[in-house]
Each structure stands twice: as structure tokens, then as C-alpha cells.
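Please read the structure below before turning to the comments.
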Amino acid sequence: MSIARASPTRQEAPLPTILFAAKSERWTTYEPHLRTALAEQGLDHAHLTTEADPADVDYIIYAPNSGLSDFTPYTRLKAVLNLWAGVEDVVGNPTLRVPLARMVDEGLTDGMVEYVTGHVLRHHLGMDTHIHGQDGRWRDDSTPPLARDRSVAVLGLGVLGSACAQSLAALNFRTHGWSRSAKSIRGVTCHHGTGGLDGALRAAQIVVLLLPNTPATDSTLNACSLALLPKGAVIINPGRGALIDDEALLAALDAGHIGHATLDTFRVEPLPADHRYWSHPRVTVTPHIASATRPASASRTLARNIRRAEKGETLHHLVDRDLGY
């Protein structure tokens, strides 16, 4: 007589615990989008929370200003997914020993392209003269050049820089790009390395800064590099404040070598009320609004990456600890 054997009980995979480590107002904004995005990825069973026993946490969705700085107690941690595009405030943390992914969000990219394209066109067309010159007489009736006669350089050809360079090239600007390593982008003259930076600057009537913030990029625009730019060149910085030597830029503006600077990021934020940038006639200050992470699209990015990790796949947008981005 055969004895029926009970089928072994199928062991269900443990529920992944996802800790949302950011300020409380961000949780209010993100929670519904994250739950929807996780469900779309088949992760509706995941435990999404703002409080958990560190030993139970599998993933941390992380904002560097959350107050969490010691990752040591998170013994089950598989990955940290940054909520911000910049990782300079976390990449050097010695307690973080798991993969770190930076935020690459389609909404952030679109917003940056729109900001950069808008301000490049503003300076290309000389719009400030007409907007601020409504006093009953024509200030300047000269015709601006066509885009094909204007050179623009984008410093930094990552996701954001490449998208901006392609947008400018599509408008027929003579578009140059510079990056640490060699890149190839259709319609863009790509430069790389130290010598390549000099060439990109010498060619640029408008410079857009979209480099990461690392020790190697600090003060990329300094007295020496600013001197390479053609007289009257315009600088647009929606990237990182530390990319510019502020005193060198102010000196170049005062001397008339640099025609204008539109600045969205600064070494100290908010920009102090007594900073010379506020009162300088050749500086436009915008309050770090060039682009922002949109909760709906960012949540989809986060959920897709967690799903990849759960399947044992390599995360997208991994940070290179040695390079700092």
C-alpha cells in the first residue's frame, strides 16, 4: 500500500521592507505615488513605512537631509535609493556599504531641459534688453544672430547634460559638450579631458554647467578657465554652486569679460541676503528651481529599481564611489 506524501509547503518570499527616510512633508507627497508604482511592479505586498526595526529593512528610499547618517544597524539592507539627483552628501558615508543608486527621473530631466533651453534662448535673443527697457524708446534694434551662428557649451554630459545638449543641437545651436571621459552625442561636438575643457570654453558664447559636485569639479570655472571664454560670454549654472569660484566670477563680471551669469545653485543656500550676486546688474538669481524631482515619475523610477533588486538584477543608475557620482 502506497502512502500518500503531503506536498511540501511552498515557502513564500519574505515581504521586503522599504524605509522612506526623508522629511515628513515628503512622505505625505510621495506615499500615494510610491504605493501605486510598487503595485505596478508587482510589489504591492511590500511593507512601505517611515518607521521600522533597522534589522528588518531591505531598502531605504533616502533623502540626505533626513537625519539618518549611520547605516550600520541596517544589517539586512540591500540598497539605498537616493531621492535626489545629487549624491555628494551621502556617497562618502563610511557606514554605507551597500549599492547606492542616484535619482534619474524623467520629470527632472524634462524640467532641466526646459530651464536650460529657456535661458539659453533668453540670452541668445537678448530678451532682457527689451523686457527691462520699456521707457518709450527703442534700446537696441539690432537683429540677433540665428542659433546656427551661436556656440553653446554644456559642461557635463550625464543624463541631464546630454539631454540639454541634444535639445540645443535640435534648435541648431553650434553645440559643444565636455565630460571627463569621451562621449558621442549626435549633433554635439564632444570634448573630454583637461585639454578638451579648454577647447570647449574657447568656443563657447554661452556656457551651461551640469557637472556633478566632486572634489575634481570644484571651481571648474575659476580665474584661469573664465579667461578662456570669449569676451561677453554668458554663464548658466543650474548644476552645483561649487562648480564656480564666486570671487573669480564676480571679478570677471565687474571687468566686463563675462556678459551675464544666470545662477540657480550656490555654495550656501538659500543665498545670503548680503551676497553680491543679488545686487549685481549682470547676475540673475533663481532660487534652485531649475528642476525638481516629480513624485509621480520619481516613484516609478524607485519602484522599477527595487523590482530589479528583488529579481537579483543590477540596479540602474548605480553610483561609482571612486568617482563620486
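Bear in mind these aren't lab numbers, they're just calculated from the coordinates by the rules spelled out. These numbers come from a predicted model, not from an experiment. We place every Cβ from the backbone using ideal geometry, glycine too, and count neighbours over all the protein chains shown.
If you look at just the Cα atoms of the chain, how large are its Rg and its Dmax in Å?
Both quantities, over Cα of the chain: 23.8, 108 Å.
Could you derive backbone 3J(HN,Hα) for region 266-283 from the dihedral phi with the Karplus parameters 6.51, -1.76 and 1.60 (θ = phi - 60°), listing whole Hz in sequence and x where the residue is Gly or Pro?
Running phi through 6.51 cos²θ - 1.76 cosθ + 1.60 with θ = phi - 60° gives 9, 5, 10, 10, x, 4, x, 4, 9, 5, 5, 4, 4, 9, 6, x, 10, 10 Hz.
Mind putting a number on the dipole of region 185-325 about its Cα centre? Charges go on the C-beta only, +1 for Lys and Arg and -1 for Asp and Glu, and I need it in Debye to the nearest 20. Don't jump to the answer; show the numbers that get you there.
Details: 14 positive and 13 negative charges, 145 e Å.
The calculated dipole for region 185-325 is roughly 700 debye.
With unit charges on the beta carbons (Lys and Arg positive, Asp and Glu negative) and the dipole taken about the Cα centre of the chain, which residue among Cys190, His45, Val207 sits farthest to the positive side?
Cys190
Let me know the charge dipole size of region 153-247 about its Cα centre in debye, to the nearest 20, where only the beta-carbon of Lys, Arg (+1) and Asp, Glu (-1) is charged. Don't skip to the answer; put the middle values down first.
Numbers: 7 positive and 5 negative charges, 90 e Å.
So the dipole magnitude of region 153-247 works out to roughly 440 debye.
Tell me the mean residue ellipticity at 222 nm calculated for the chain from its helices only (DSSP H runs of n ≥ 4, each -39500 (n - 2.57), averaged over every residue, nearest 500). Mind dumping the intermediate values first?
On the way: 9 runs with 100 residues, N = 325.
When only DSSP H runs of four or more count, the value is -9500 deg cm²/dmol.
Taking amide H atoms as placed 1.01 Å from N in the peptide plane, list the residues 5 or more away in sequence, or in a different chain, whose amide H sits under 5 Å from that of Thr284.
When sequence neighbours closer than 5 places are left aside, the close amide H contacts are Ala261, Thr262, Leu263.
Along region 237-251, what does the Karplus equation 6.51 cos²θ - 1.76 cosθ + 1.60 (θ = phi - 60°) give for ³J(HN,Hα), rounded to whole Hz, x for Gly and Pro?
Running phi through 6.51 cos²θ - 1.76 cosθ + 1.60 with θ = phi - 60° gives 10, x, x, 9, x, 6, 6, 10, 7, 4, 5, 5, 5, 4, 5 Hz.
I need Leu15, Leu263, Leu121 ordered by Cβ neighbour count within 10 Å, fewest first.
On the way: Leu15 12, Leu263 22, Leu121 16.
Ordered from fewest to most neighbouring Cβ atoms within 10 Å, Leu15, Leu263, Leu121 come out as Leu15, Leu121, Leu263.
May I ask you to compute the full-extension gain from Leu323 to Trp278, defined as 0.36 nm times their residue separation minus their alpha-carbon distance, rounded to one decimal in nm? Working shown, then result.
Working: separation 45, 0.36 × 45 = 16.20 nm, distance 3.34 nm.
Extra length from Leu323 to Trp278 when fully extended: 12.9 nm.
Neighbour counts of other C-beta atoms within 10 Å: give me Met127, Met103, Met112 arranged from fewest to most.
Values: Met127 14, Met103 21, Met112 25.
Ascending Cβ contact count within 10 Å gives the list Met127, Met103, Met112.
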